[in-house]
1. For His62, His108, give me the order by solvent-accessible area with a 1.4 Å probe, most accessible first, ignoring ligands, DNA and RNA.
2. Which percent of the accessible heavy-atom area of region 214-281 goes to carbon and sulfur, probe 1.4 angstrom?
3. Could you tell me which helices of the chain pass both thresholds, a Cα extent of 24 Å or more along their own axis and a mean Kyte-Doolittle hydropathy of at least 0.5, with helices taken as whole DSSP H runs?
4. Where a ≥ b ≥ c are the square roots of the eigenvalues of the C-alpha gyration tensor, would you call region 199-317 rounded, which needs a/c under 1.5, or, failing that, prolate if a/b is larger than b/c, or oblate?
5. Out of (i) 23.7; (ii) 20.1; (iii) 20.8, which label holds the value of Kirkwood radius over Cα pairs in Å that was computed here?
6. Probe 1.4 Å, all protein chains in place: accessible area of Lys156 in Å², nearest 10?
7. Count the net charge of all other residues whose Cβ sits under 14 Å from the Cβ of His62, scoring Lys and Arg as +1 and Asp and Glu as -1.
8. Going by the alpha-carbon gyration tensor, a ≥ b ≥ c the square roots of its eigenvalues, is region 1-103 rounded (a/c under 1.5) or, if a/c is not under 1.5, prolate (a/b greater than b/c) versus oblate?
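The values are calculated or read from the model by the stated rules, or taken from the named source; none is laboratory data. What you are looking at is a predicted structure, and each value in this text was computed from that prediction instead of being measured. Please note: Cβ atoms are built from the backbone with ideal geometry, for glycine as well, and neighbour counts cover all protein chains shown. Note: accessible area is taken over every heavy atom of the protein model, side chains too, but ligands, DNA and RNA are not part of it. Shrake-Rupley method; radii C 1.70, N 1.55, O 1.52, S 1.80 Å.
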Amino acid sequence: MDQRYQKYAANALIWLLLLTMPFWMNAIGGYTQLGTRVLVMALAATALNFLLGYTGVLSLGHAAYFGIGVYGAGLTIKYLIPSTLVGMGVGILAAIAAAAVIGLLIVHLRGIYFAMVTIAFGQVFYFIAYRWNDVTGGDDGLSGWKRLPVDLGFAKIDILHNQLAFYYFVLFFFGVAVAVMAGLLRSPFGRTLLAIRENERRARFLGIPVDRHIWFSWLVSCAFVGLAGTLYALLNNFADPHDLRWDQSGDFVIMAVLGGMRSFWGPLIGAAIFVVLQDYVSSLTQNWMSFIGLFFVLVVLFFPRGVLGILRRKAAQ
């Protein structure tokens with residue numbers, strides 16, 4: 001089969017599986033809320049991969065913008081305006097604003113220096129949420145609020161009591177986000193990011209404003225991670241300061257690398273494996289992270305292109 005048609009068939013299969021997930025999750029021991037969590041984490045990992053896999057810049061502090069989205073939505077609904085969509089909007093805008101300012105400060109850094117500084121800024125936001133007890137609830141987290149039905153004017157969607165409706169609510173935003181990111185990657189801007197990833201020095205010689213492109217890639221990545229954070233807050237009806245911590249950033253990197261960080265759907269597969277393994281193994285032992293860590297090491301050692309790379313190699317044989 002022509003490679004282009006293979007790609008269309010793979011995309012159609014992925015969307016078919018996502019659209020029907022609530023109807024077959026129970027048959028394999030899952031549940032609708034687990035499927036929703038897979039979508040949220042897949043969105044965060046795909047957004048990180050926009051920067052890591054397609055621009056070649058490693059961030060270990062993306063949990064900061066995920067957490068800003070979480071707290072932006074929670075604080076808005078609890079203290080300001082009891083509206084799900086307004087809470088999401090505030091969370092996303094807060095993540096974009098923070099990423100825009102911090103991005104300007106660090107965009108000239110490269111390699112391990114960039115990664116370490118992103119951790120440092122992430123820990124700053126974590127300790128603000130951890131220590132500001134009066135507003136954020138401190139270590140206990142922000143509770144006492146919940147997602148609300150979405151009123152579209154002509155119809156009301158009950159995403160609070162209907163888990164199936166909430167799944168498709170999250171799938172809608174996941175679909176919009178991946179469509180925007182895929183469109184950007186197919187544009188001249190996306191091709192330029194690939195040129196920077198492959199050879200930054202040559203890109204500079206060609207007159208490409210490298211720092212500006214990396215800053216915009218960082219901004220897009222953080223904006224969609226912020227969107228994932230708002231959906232995660234709505235999923236749990238709770239904001240946890242650990243959502244901003246460095247190990248949450250590490251989880252996003254693991255998901256992207258596990259699935260295949262140089263492929264668009266790799267982070268979705270990595271997030272699905274990570275979340276399902278986490279849910280299943282953590283029900284058996286408290287040391288679930290050891291098993292996920294071992295699985296991650298085996299994949300990196302023997303299949304550096306991730307699980308999607310294995311599937312592609314099998315399909316090509």
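1. On the way: His62 0, His108 115 Å².
These residues rank, largest area first, as His108, His62.
2. Details: 1230 of 1830 Å².
Carbon with sulfur: 67 percent of the solvent-accessible area.
3. Details: long enough: 3-24 (30 Å, 0.36); 32-55 (34 Å, 1.11); 84-106 (33 Å, 2.44); 111-131 (31 Å, 1.29); 163-186 (34 Å, 1.82); 210-236 (39 Å, 1.06).
For the chain, where a helix must reach 24 Å along its axis and average at least 0.5, the hits are 32-55, 84-106, 111-131, 163-186, 210-236.
4. Numbers: a/c = 2.31, a/b = 1.25, b/c = 1.85.
Oblate, since a/c reaches 1.5 and b/c is not below a/b.
5. (ii)
6. Looks like 140 Å² after rounding.
7. Working: positive: Arg245; negative: Asp243, Asp247, Asp251.
So the environment of His62 carries a net charge of -2.
8. Values: a/c = 2.58, a/b = 1.36, b/c = 1.89.
Because a/c hits 1.5 or more and a/b fails to exceed b/c, region 1-103 counts as oblate.
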